[in-house]
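The values are calculated or read from the model by the stated rules, or taken from the named source; none is laboratory data. Nothing here was measured: the structure is a model prediction, and the numbers come from that model. All Cβ positions, glycine included, derive from the backbone under ideal geometry; neighbour counts span all protein chains shown.
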Amino acid sequence: MFSKGTKRKFSDGGEEISDESLLGARVASSYSLQRQSLLDMSLIKLQLCHMLVEPNLCRSVLIANTVRQIQEEMTHDGSWHMVTEAFCSAGQSPSERLVATEVLCRSREQDAEPKLFSVISYEGCCEEEVVADETLCSVSVSDTVSNVCLAGRMGQCWEKSELSGIERDEEALEDSRLGSGEEEEIDTEDGASTESPKTIGQVFGTFEIKNGSPGPDSALEELFSDVDTSYYDLDTMLTGMQSAPKMGPYDLLDSLAPSHSSPSIVSTPNCRSDLNELDHIMEIIVGS
Amino acid sequence: NDHEVTLRGINNCLLFLSGYAADIISTVEFNYSGELLATGDKGGRVVIFQREQESKNRLLSRGEYNVYSTFQSHEPEFDYLKSLEIEEKINKIRWLPQQNAAHFLLSANDKTIKLWKISERDKRAEGYNLKDEDGRLQDQFRITTLRVPVLMPMDLMVEASPRRIFANAHTYHINSISVNSDYETYLSADDLRINLWHLEITDRSFNIVDIKPANMEELTEVITAAECHPHQCNVFVYSSSKGTIRLCDMRAAALCDRHSKFFEEPEDPSSRSFFSEIISSISDVKFSHSGRYMMTRDYLSVKVWDLNMENRPVETYQVHEYLRSKLCSLYENDCIFDKFECCWNGSDSAIMTGSYNNFFRMFDRNTRRDITLEASRENSKPRAILKPRKVCTGGKRKKDEISVDSLDFNKKILHTAWHPKENVIAVAATNNLYIFQDKMN
């Protein structure tokens, strides 16, 4: 459940330490270890949230709130500052960091192995290194997880394309994706980082290691901007009295289908071939 | 004593029917008369059971439930905009009150609600003039007489047809639907919005609650459940992931973002932990049949609220308090996010909810007695009486008790339903449906 507390060594030549304060120190360190473990677990869950095909919003919100609570407490403790300093230490070589993030990209298991906890501590990575990590994500092409990782960001590109009136057939989509690549402004929100791929950046963004105190809000600033930003603009049109909304081809087909027949636009086998195409396209983009 | 009978009656339950759905059951609902019981599953299918008519010559004069109709309600869809598949899993089924020979129900997956008509056909017209028995058109020269077609009996056929499809109104996942007492409108709720529909109109709905922040990064709370008041068609409630319930009056404003009443129990500071918020998240809210109370289910307890008192519930029932010390493990394996439902009995004297290990719990509100029962084939033979179960929370485990560490957290009972008039309950245990009745004396 919790990682075991490290046993504190009693140094011989040092001051006498009373049993009580020793116990108190043990309890305190055990608590902070437990808290750290909980924080690590939560961050992994959040990242897995983003890796799932359709993140459960309620679950994401609850986990994010838990992370925020821990961060707030750690900020009050002053231990947050210590944590940030530790991460920024020059002890880790860039290659170690790259390996670490690759593990995160690869893993899709719900029950995160304890070894992943230590991986989280590597996220003192700067944004540029994170960008480079994408190539590792693309290694496992057949793993839809790593591709879906980026799908959220791509989805926003598609949304922008649609709103600007580009014909949304497959070729045009591919063109816009390939063309926009990583230069396109992804975020519609203020204060969001734009250079790095957001899904990876978010997890690391939650720590946002800068010297000094990162306010809890800024630390979690990227958290939900990927969840449904693709609908952000469309949404404002849909609130209030909803007449037949601006229809994409999907909706049009839906309304044309006879009411008693299946409303699905594509049967599942087609979905899979679409996803395979998506994988292929992701590989091209990320590899470039 | 009426109230004693409630719990004793349930204590002497018999297992009448185990139906097996091919897929995981995701919702269970009796209709207004209790004659029909609908289940929805993960594969988008709806199975409706009908109670057999009572017959005098059977040993037990209460009817069994048999399959009445099965149909595919929702199919998986693909959302091109987000490159995501929309699950066909049925999240909720709600019946409409019966107004003619046909039955109507609403079924909802994550994005779309459908109104289904279930009707019987047991007669067929025969003796047409213009076509023969096989349906082929006859030569007009051959027709020498004129006759009136006659309705002849045929084998009963139950047909389900979708009459309305309410789509494209929810960006987020639909978690609740609720038919209004005016029987003309209904509401549907997703994580951030609640919409009001008219049953006849599918191309638009009114948004009545919107808690989406302008900046999604500021999102800290979502809507978890919503329900219309059983008698006042202008009143509805919705619960949140922070353990609060808001009661809204639709007469006050078009957009009910400002609540009329706000129900929240103050937190007990001594039991505060990092999991406090998660376990306070309300997974279900149900009005009592009387309309005077409502019940909420959070992770560890069920609370009954008096609509006239906002600052705390009038009753709190612990479902599985022994899990409080295991919250970290349950967080790790995601069980802490399980959404249990709850239900009232017809007279509002008892409430029921599910737990783990295929256990479900019933509480008698008057005697304050409670019972734990198990829904499993191994422990229940048909017509057998259910044995009460007990979880050992510490110390020496007695015989027949089960220790907390032996509980199977994969066997969870999230969906239960209680017949609106009688002591008949339906319990969904993963992909099995159990129906229990109290024994006739």
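If you check every pair at least six apart or on different chains, which have Cβ atoms under 7 Å apart with a residue in segment B:340-355 that is under 15 Å from residue B:372 (Cα atoms) first and a residue that is of a type in the set (Lys, Arg) and in a loop (DSSP other than H, G, I, E, B) second?
Note: pairs meeting the criteria are B:350/B:365; B:351/B:365.
Looking at B:119, B:161, B:178, which one is small (Gly, Ala, Ser) and touching a His at 6+ places or on another chain (Cβ under 7 Å)?
None of the other options fit; the residue is B:161.
Which condition number does residue B:367 fail, the rest of (1) part of a loop (DSSP other than H, G, I, E, B); (2) touching a strand residue (DSSP E or B) at 6+ places or on another chain (Cβ under 7 Å) being met?
(2) is the only condition that residue B:367 fails.
For segment B:213-225, which positions are in a strand (DSSP E or B) and at the interface with another protein chain (Cβ under 8 Å from one of its Cβ atoms)?
Answer for segment B:213-225, where residues must be in a strand (DSSP E or B) and at the interface with another protein chain (Cβ under 8 Å from one of its Cβ atoms): just B:224.
Scan segment B:295-306 and tell me whether some residue there is within 20 Å of the chain's Cα centre (by Cα), of a type in the set (Val, Ile, Thr) and within 14 Å of another protein chain (Cβ to nearest Cβ).
no
Going through segment B:318-343 one residue at a time, which ones are surrounded by fewer than 21 Cβ atoms within 10 Å (Cβ to Cβ), within 30 Å of residue B:230 (Cβ to Cβ) and more than 10 Å from chain A (Cβ to nearest Cβ)?
If the condition is that a residue be surrounded by fewer than 21 Cβ atoms within 10 Å (Cβ to Cβ), within 30 Å of residue B:230 (Cβ to Cβ) and more than 10 Å from chain A (Cβ to nearest Cβ), then B:318, B:338 are the ones that fit.
Just name the residue that is farthest from the other protein chains (Cβ to nearest Cβ) out of those in segment B:90-107 that are more than 18 Å from residue B:184 (Cβ to Cβ) and either surrounded by 21 or more Cβ atoms within 10 Å (Cβ to Cβ) or modelled with pLDDT of 95 or more (or both).
Taking the candidates together, the pick is B:93.
Taking the condition at pLDDT 70 or above, loosely packed, with under 15 Cβ neighbours inside 10 Å, out of contact with any strand residue (DSSP E or B) (no Cβ under 8 Å at 6 or more places or on another chain) and among the charged types (D, E, K, R), does residue A:77 pass?
Yes; evaluated as a whole, the condition is true for this residue.
Inside segment B:66-78, can you point out the residues that are part of a strand (DSSP E or B), buried (at least 18 other Cβ atoms within 10 Å of the Cβ) and either free of Cβ contacts under 8 Å to residues at least 60 places away in the same chain or charged (D, E, K, R) (or both)?
Residues satisfying the conditions are B:77, B:78.
Within the set of pairs 6 or more residues apart or between chains, which connect a residue that is more than 7 Å from every other protein chain (Cβ to nearest Cβ) and surrounded by 16 or more Cβ atoms within 10 Å (Cβ to Cβ) inside segment B:271-282 to a residue that is of a type in the set (A, V, I, L, M) and not in a loop (DSSP other than H, G, I, E, B) with Cβ atoms less than 6 Å apart?
Pairs that qualify, where the first residue is more than 7 Å from every other protein chain (Cβ to nearest Cβ) and surrounded by 16 or more Cβ atoms within 10 Å (Cβ to Cβ) and the partner is of a type in the set (A, V, I, L, M) and not in a loop (DSSP other than H, G, I, E, B), are B:275/B:327.
Going through segment B:306-351 one residue at a time, which ones are over 15 Å from residue B:363 (Cβ atoms) and in a strand (DSSP E or B)?
B:306 - this is the single residue of segment B:306-351 that is over 15 Å from residue B:363 (Cβ atoms) and in a strand (DSSP E or B).
Which of the numbered conditions does residue B:209 fail, given that it passes all the others? Conditions: (1) crowded, with 16+ Cβ neighbours inside 10 Å; (2) outside any strand (DSSP E or B).
(2)
Has segment A:24-46 got any residue that is at pLDDT below 60, polar (S, T, N, Q) and over 30 Å from residue B:91 (Cα atoms)?
Among the residues of segment A:24-46, not one is at pLDDT below 60, polar (S, T, N, Q) and over 30 Å from residue B:91 (Cα atoms), which makes the answer no.
Looking only at segment B:163-177, filter to residues that are of a type in the set (S, T, N, Q) and in contact (Cβ under 8 Å) with a residue 60 or more places away in the chain; which one of those is farthest from the other protein chains (Cβ to nearest Cβ)?
For segment B:163-177, the residue satisfying everything is B:176.
Could you check how many residues of segment B:226-243 are in a loop (DSSP other than H, G, I, E, B) and away from every other protein chain (no Cβ under 14 Å)?
Final tally of qualifying residues: 6.
For segment B:406-416, indicate whether the set of residues that are under 22 Å from residue B:41 (Cα atoms), of a type in the set (Val, Ile, Thr) and in contact with a strand residue (DSSP E or B) (Cβ under 7 Å, 6 or more places away or on another chain) is non-empty.
yes
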